[in-house]
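Bear in mind these aren't lab numbers, they're just calculated from the coordinates by the rules spelled out. Quantities reported herein were computed from a predicted structural model and do not represent experimental measurements. No Cβ is skipped: glycine too gets one built from the backbone with ideal geometry, and neighbour counts run over all protein chains shown.
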Amino acid sequence: MKIDFFTFIGNNSAKYAWFLKYTCEKFLSGKHKIHWKCIKSVGSNMLPFGYECVARSEDKGHNSMNHAAAMNLAQKYVEHDYVIFIDADVAILYKGWDDIIVNELNNYDCFGASYGHGMKYVNFPTVYLFAFRSYILDKIELDFSPELIEGDESVCRYIIPKEESEYFGKEEGSVLKCDTGWKLPLIKKAGFTGNSMPMVLMTSKDSQLPFESIKHEEFCFQKPSHMSEWHYNGKLFATHKQASRNHPLDGEWGQAWKKRIELYIKSML
């Protein structure tokens, strides 16, 4: 199968995107052809090696809006049946991950990484890793835009009505944060299905990324929400580095995350 693999390049993103591709290639099944593509967004000062830059998105004046604009634009450059939208500050660490995604998309219309906390929808793929079949775009346009308070940079809150509670996986009256991709579960209104992997926080006993030493662990735990994981059938599939816009990959926080990944890769290969 041919897979369109899109990531989005903003501030600090290029080196993360290169590292993402490096981890992906370590664990490829070899069964599928990956087309590595990127959208250049606001704040990017370089492009990652090994990707085709297919478009540049406009400045919308807000970080979340800029991210969404890049994801919305990417839909115009989908060429193949299987599609992956993924944040640059993610690493994939599951052997045969590409075959897993293809198999999941043969059973569901979309697949990916779920949220695990906060005012978020549940049990449906998110913008961190959102894989889908391109035929979705024949019927609907995916809108990743957040909702912002007019005259403010704050993200709106949405009170979930009864008729939408099943789509968001939340009770009627629950408050949903309207950040990037918050409307994605509403594609279920069009009859589409989704499957997602559970998020595992670094503080969980189920977290699988190792630490080099007690000192390394203590450093990482200064920001316990900044290194999340997703597991597939109980095994580590992917990990995400929060706040990469402010933490370059070659900085102390980026390197702390990268070291955990390198230790895991060494144990697997």
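If you average the sequence gap of Cα pairs under 8 Å that are 6 or more apart and divide by the length of the stretch 132-183, what percent do you get for the contact order? Here the relative contact order equals 39 percent. Here the average projected area of the convex hull drawn through the C-alpha atoms of the stretch 176-231 stands at 5.4 nm². Taking the Kirkwood radius as Rh and the Cα radius of gyration as Rg, the stretch 71-118 has a ratio of Rg/Rh equal to 0.97.
Whole number please: convex hull volume per residue, Cα atoms of the stretch 108-166, in Å³. Don't skip to the answer; put the middle values down first.
Values: hull volume 7.8 nm³, N = 59.
Cα-based convex hull of the stretch 108-166, divided per residue, equals 133 Å³.
Counting Lys and Arg as +1 and Asp and Glu as -1, what is the net charge of the other residues whose Cβ lies under 11 Å from the Cβ of ALA243? Kindly include the intermediate steps, with their values, before the conclusion.
Working: positive: LYS223, LYS241, ARG245; negative: ASP89.
Surrounding charge for ALA243 is +2.
For the stretch 2-268, the percent of C-alpha pairs falling in each 5 Å distance bin, counted from 0 to the bin holding the largest distance, reads 1, 6, 13, 17, 20, 19, 14, 7, 3, 1, 0. For the stretch 2-268, the relative contact order is 19 percent, taking Cα pairs closer than 8 Å that sit 6 or more residues apart in sequence and dividing their mean separation by the residue count.
Normalised by the number of residues in the stretch 7-109, the mean separation of alpha-carbon contacts (under 8 Å, six or more apart) gives a relative contact order of 39 percent.
Only helices at least 18 Å long along their own axis, judged from Cα atoms, and with Kyte-Doolittle mean hydropathy of -1.0 or greater: name those in the chain from DSSP H.
Working: long enough: 13-26 (20 Å, -0.54); 252-268 (24 Å, -0.85).
Those that clear 18 Å and a mean of -1.0 are 13-26, 252-268.
Can you sort ILE214, ILE261, ILE39, ILE136 from fewest to most other Cβ atoms within 10 Å of each residue's own Cβ?
Going from least to most buried by this count: ILE214, ILE136, ILE261, ILE39.
Between the stretch 180-257 and the stretch 81-138, the alpha-carbon centres lie 14 Å apart.
The helix-only estimate of mean residue ellipticity at 222 nm for the chain, built from DSSP H runs of length n ≥ 4 each weighted as -39500 (n - 2.57), is -7000 deg cm²/dmol after division by the residue total.
What ratio of Cα Rg to 2.2 N^0.38 Å holds for the stretch 49-208?
Details: Rg = 16.0 Å, N = 160, 2.2 N^0.38 = 15.1 Å.
With N residues counted in the stretch 49-208, Rg over 2.2 N^0.38 Å equals 1.06.
Put simply, the amide H of ASN11, placed in the peptide plane, has neighbours under 5 Å in SER44, leaving out anything fewer than 5 places away on its chain.
For CYS53, the residues whose amide H sits under 5 Å from its own are CYS38, ignoring neighbours fewer than 5 places away on the same chain, with H placed 1.01 Å from N.
Derived from the Cα gyration tensor, the three semi-axes of the equivalent ellipsoid of the stretch 18-109 are 25, 16, 12 Å, largest first.
Based only on Cα atoms, what Rg/Rh ratio does the stretch 186-269 have, Rh being taken as Kirkwood's radius? List each step's numbers first, then the result.
Working: Rg = 15.0 Å, Rh = 14.1 Å.
Radius of gyration over Kirkwood radius for the stretch 186-269 works out to 1.06.
Tell me which chymotrypsin sites (Phe, Trp or Tyr not before Pro) from the stretch 46-98 have a DSSP coil assignment and no more than 14 other beta carbons within 10 Å of their own. Write down the numbers at each step before the final one.
Values: sites: PHE49, TYR51, TYR77, TYR82, PHE85, TYR94, TRP97; in loops: PHE49, TYR51, TYR94.
Answer by residue number: PHE49.
For a quick check: sort PHE132, PHE19 by the number of other beta carbons within 10 angstrom, fewest at the front.
Working: PHE132 25, PHE19 22.
Fewest-to-most Cβ neighbours within 10 Å comes out as PHE19, PHE132.
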